[in-house]
Each structure stands twice: as C-alpha cells, then as structure tokens.
Amino acid sequence: MNITLIRHSEVQKDYIGCYNGHIDIELSQTGHKEAKNLAKKLKHKKYDAIFCSDLKRAKQTLSYFKRKDVIFTKELREKSWGRHEGMSYDEIVKKEGIEYENFLQWIEFLDGESIDEFQARVKNFFFEYLPSLKKDEILVVTHSGVIKTFFAI
C-alpha cells in the first residue's frame, strides 16, 4: 500500500500560525494557487481510494483534483484545540498567562481533544482502517498535525 499525503494549502492570512483545529476556514488566494499547481503535478497519478478531511481548507485543496470518488471524513481533522482554536501562541500566552515549558506541558494545557484521543484517531485510520481496504494507491488530504502524528507513530 502506497499512501500519498497532502497537507492542505495555505489558509487565510488571519489564521496563519494559529491553532486552527476544527475551525472551518478557507484557503487564501495563494492557497488556491498552490492547490491548483499541485493538482497539475499529480494529474496523471492513479489512486484506488481518496480520503480527505471534511474541513473546508482540505476540501478546497482537493477540489482542484476534480475527483468525485472522494471520501470526506472527520477522522482526518486536525486536533481540536477547544477554546484556543484560532488563537496564536502569543495570544494564548497573553490570555492564559502560561509559558511554553515543553511539548507535553503545552499540549496538556490546551483544551479540546486530548493528545491520547488524537493519536488513537490517527493510528486507527492509518494503521487499521486503511490496511483493511486492501488498496494499492491511496491519496490522503489532511492537516499538518495528522501527518506529523502519523510519522511519529
């Protein structure tokens, strides 16, 4: 099984560098150009299955591939950051009065989906669900955190 991973293209300026999680934001103009160029580069690639996060930024990235056989799923969403979604690191520090000490301390402080829940969701999708399909070529359009977690597992 070969998996092609694509992180959604650039989002709107106000959300760059933020903990966007489940916020349903759109691509920027640059993001649309990036997605269009990527679709051109991969236009001759054949996929047996295509999966995409159900959030707009991922859907818009995939829209340039002009494929109808896509499965949109919340399983490929970024980690939820709860009340901190849409905020930058600096905004969180200012609002909450917390400083970054290490990754685990920071992740556990931010609310929303727990890191264990997020990792389990990613692990289940990539290591249990996808192999059960017995497909050779799979395209996945998702988010940075999902891709990083997949590689870490």
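The values are calculated or read from the model by the stated rules, or taken from the named source; none is laboratory data. Model, not experiment: these values are computed from the prediction. Using ideal geometry, Cβ is built from the backbone for each residue, glycine included, and neighbour counts are taken over all protein chains shown. The accessibility values were calculated without ligands, DNA or RNA, using every heavy atom of the protein model including side chains. Shrake-Rupley method; radii C 1.70, N 1.55, O 1.52, S 1.80 Å.
Could you say which residue among ILE153, ILE138 is open to solvent by 30 Å² or more (accessible area, probe 1.4 Å), in contact with a helix residue (DSSP H, G or I) (Cβ under 7 Å, 6 or more places away or on another chain), more than 30 Å from GLY97 (Cβ to Cβ) and touching a residue at least 12 places away in the same chain (Cβ under 8 Å)?
Values: ILE138 fails: open to solvent by 30 Å² or more (accessible area, probe 1.4 Å).
Criteria check complete, one pass: ILE153.
Could you please give the count of residues in segment 112-125 that are of a type outside the set (A, V, I, L, M, F, W, C) and either part of a helix (DSSP H, G or I) or within 16 Å of ILE71 (Cβ to Cβ) (or both)?
6
Only residues that are under 13 Å from the mean Cα position of the chain (by Cα), among the hydrophobic types (A, V, I, L, M, F, W, C) and either modelled with pLDDT under 95 or assigned to a helix (DSSP H, G or I) (or both): list them for segment 126-150, please.
VAL146, ILE147, PHE150
Does SER80 fit the bill of being out of contact with any strand residue (DSSP E or B) (no Cβ under 9 Å at 6 or more places or on another chain), hydroxyl-bearing (Ser, Thr, Tyr), assigned to a helix (DSSP H, G or I) and modelled with pLDDT of 95 or more?
When the stated conditions are applied, SER80 does not pass them.
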